[in-house]
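This report refers to the structure that appears directly beneath it.
Values in this text are rule-based calculations from the coordinates and carry no lab data. Everything quoted here is computed from the prediction, not taken from an experiment. All Cβ positions, glycine included, derive from the backbone under ideal geometry; neighbour counts span all protein chains shown.
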Amino acid sequence: MAKNTLLEIKRCLEPHVGQKIMLRANGGRRKTVERSGVLEETYPSVFIVKLDQEQQSFKRVSYSYADILTESVEVTVCHDDGELRIAIHQ
């Protein structure tokens, strides 16, 4: 059943490749990290986000679909005008 759930999360993300997203991730030790970038690619087990240039020293980050399932990461897709469109989480 979990494998089907992970596949559903991947299918929810696929139509948004190339769009701006907001990430809220667990940074450890009660920290929450918020990042924004473009959903660059989806793969069978992970998705890649190209971060905005002013953020951090990393250019790209990857997260697994299980991170969304376990609520370690929250993904929100944004409109071009800056409004939030959907939140992808379980």
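Local charge sum around GLY27 (other residues, Cβ-Cβ under 12 Å, Lys/Arg +1, Asp/Glu -1)?
Around GLY27, the surrounding residues sum to +4.
Using 1/(1 + (r/R0)^6) with R0 = 22 angstrom and r between the beta carbons of LEU69 and MET22, what's the FRET efficiency to the nearest 0.05?
Rounded to the nearest 0.05, the efficiency is 0.75.
Where the eigenvalues come from the Cα gyration tensor of the chain, what are the semi-axes √(5λ) of the equivalent ellipsoid, largest first, in whole Å? Spell out each step's value before the answer.
Numbers: eigenvalues 74, 51, 31 Å².
Computed over the chain, the values are 19, 16, 12 Å.
Relative to the present Cα-Cα distance, how much length would full extension add between GLU40 and THR5 at 0.36 nm per residue of separation?
Difference between extended and current length: 10.4 nm.
Cross-link partners among lysines for LYS50, C-alpha distance below 24 Å, same-chain residues fewer than 8 apart left out?
LYS10, LYS20, LYS31, LYS59
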